[in-house]
């Protein structure tokens, strides 16, 4: 069996920590190896790094499942099948029904705290390794997950903790995106100075293209932060012919398949409209409907999860090439001197794309944009295309706010802070009203 699997199993013992940012954190595990065996050796830090992916991607408790679920219900992408699933029921109902007891939100928050804590330890310790090229890989890989953790909190809460610790202060969520970008920039500087060794890739789960993923996440969070030149420049650095994925196997299976697809007892896609109102929903001929959903004509509901939840081992993408193209289109429109012509060029790359031309097989195969050549109309089409191309990605709530969609189209704008945070940190902000 490949070494990364053994290391990954060990990482559960070596780096397991418990708690969220407001709780007391001794981070002592009586079953763990001594710290000098974890953060002073390449093997120990590799195990800790693989643990970041486990926390983010694996199981119903991981960030992938919880972000897709929380975002999907409040933006009407998903329909609830079993009201006995109380956290999902709260989110499906929305409004004040969603409170600090919600375990889906608590998981996103706690996972982000754990990932940031562990990633910081790796990033701080790796430069001491004699093999600087291996250390470069560790820093790049850990920085991906730290950026994802920071982004997850900044997308869903209106204030973000300044650090991980006891009684931490909070800042505007824009600081979360800024910190994610700074983390990525530091990693890119390290990798530029010392390229990642080929041996590093053999010791982590396959699928992750570190350099492309760092640039893609920088583009995403720069767009969310409103820094359009930076978003455009980063998106242009991503090789759109390449895939970068979190991979699963027979033991650690895809969490959407495990919880929703295989059981038909939690949620399914709402229908072929993707939960979008008239005017921005996909046309009946849009082939992305066939990618993201399948039909069951025998047992309700009719529409079922396909796409990146279709099988137990289908990989989960860090980003999609179509996301990068749409970031370019949006950045062209929103920059200080709008470039509507180039925005439409990029937009049409997504609208007219055939599945065979996409590394993941996602293609609308629709006629080119023929709407008004105005910023408002083009932005409306970009929102429409993002909502379809990035279905069930966890990004739609951020998009709805950024594109100033009517409040009636969503069930919440921001989430309440977990009670576990509030009970342990007196600095926790008031919950947003909606």
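Points to keep in mind about this one:
Conditions (1) in a helix (DSSP H, G or I); (2) closer than 29 Å to residue 265 by Cα; (3) over 21 Å from the mean Cα position of the chain (by Cα); (4) at pLDDT 95 or above, marked per residue:
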residue	(1), (2), (3), (4)
4	yes, no, yes, no
16	no, no, yes, no
48	yes, no, no, yes
52	yes, yes, no, yes
65	yes, yes, no, yes
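- Among the helices (runs of 4 or more DSSP H) confined to the range 336-434, the ones with at least 1 residues that are over 30 Å from residue 90 (Cβ atoms) and modelled with pLDDT of 95 or more are located at 340-351, 375-389.
- Screening 364, 375, 355 for residues that are surrounded by fewer than 16 Cβ atoms within 10 Å (Cβ to Cβ), in contact (Cβ under 8 Å) with a residue 12 or more places away in the chain and closer than 15 Å to residue 287 by Cα leaves exactly one candidate, 355.
- Looking across the range 83-111, the residues that are assigned to a loop (DSSP other than H, G, I, E, B), in contact with a helix residue (DSSP H, G or I) (Cβ under 8 Å, 6 or more places away or on another chain), on the phi < 0 side of the Ramachandran plot and in contact (Cβ under 8 Å) with a residue 40 or more places away in the chain come down to 98, 99, 100, 101, 102.
- Hey, residue 306 free of Cβ contacts under 8 Å to residues at least 24 places away in the same chain and surrounded by 17 or more Cβ atoms within 10 Å (Cβ to Cβ) or not: yes
- Any hit, the range 127-136, residues being within 19 Å of the chain's Cα centre (by Cα) and touching a residue at least 12 places away in the same chain (Cβ under 8 Å): no
- Test result for residue 408, over 30 Å from residue 153 (Cβ atoms) and either without any contact (Cβ under 8 Å) to a residue 60 or more places away in the chain or touching a helix residue (DSSP H, G or I) at 6+ places or on another chain (Cβ under 8 Å) (or both): no
- Within the set 323, 366, 346, the sole residue that is closer than 15 Å to residue 385 by Cβ and within 20 Å of the chain's Cα centre (by Cα) turns out to be 323.
- Scanning the range 358-390 for residues that are within 16 Å of residue 326 (Cα to Cα) and out of contact with any helix residue (DSSP H, G or I) (no Cβ under 8 Å at 6 or more places or on another chain) yields 376, 377, 380, 384.
- When the test is whether a residue is buried (at least 22 other Cβ atoms within 10 Å of the Cβ), closer than 23 Å to residue 67 by Cα and either free of Cβ contacts under 8 Å to residues at least 12 places away in the same chain or in contact with a helix residue (DSSP H, G or I) (Cβ under 6 Å, 6 or more places away or on another chain) (or both), residue 326 passes it.
- Residue 233 passes every criterion in (1) free of Cβ contacts under 8 Å to residues at least 24 places away in the same chain; (2) touching a helix residue (DSSP H, G or I) at 6+ places or on another chain (Cβ under 7 Å) apart from (2).
- For the range 240-265, filtering for residues that are surrounded by fewer than 21 Cβ atoms within 10 Å (Cβ to Cβ) and part of a loop (DSSP other than H, G, I, E, B) leaves 13.
The values are calculated or read from the model by the stated rules, or taken from the named source; none is laboratory data. Treat the numbers as computed from the prediction; the structure is a model and nothing was measured. A quick note on method: Cβ atoms are made from the backbone with ideal geometry, for glycine too, and the neighbour counts reach across all protein chains shown.
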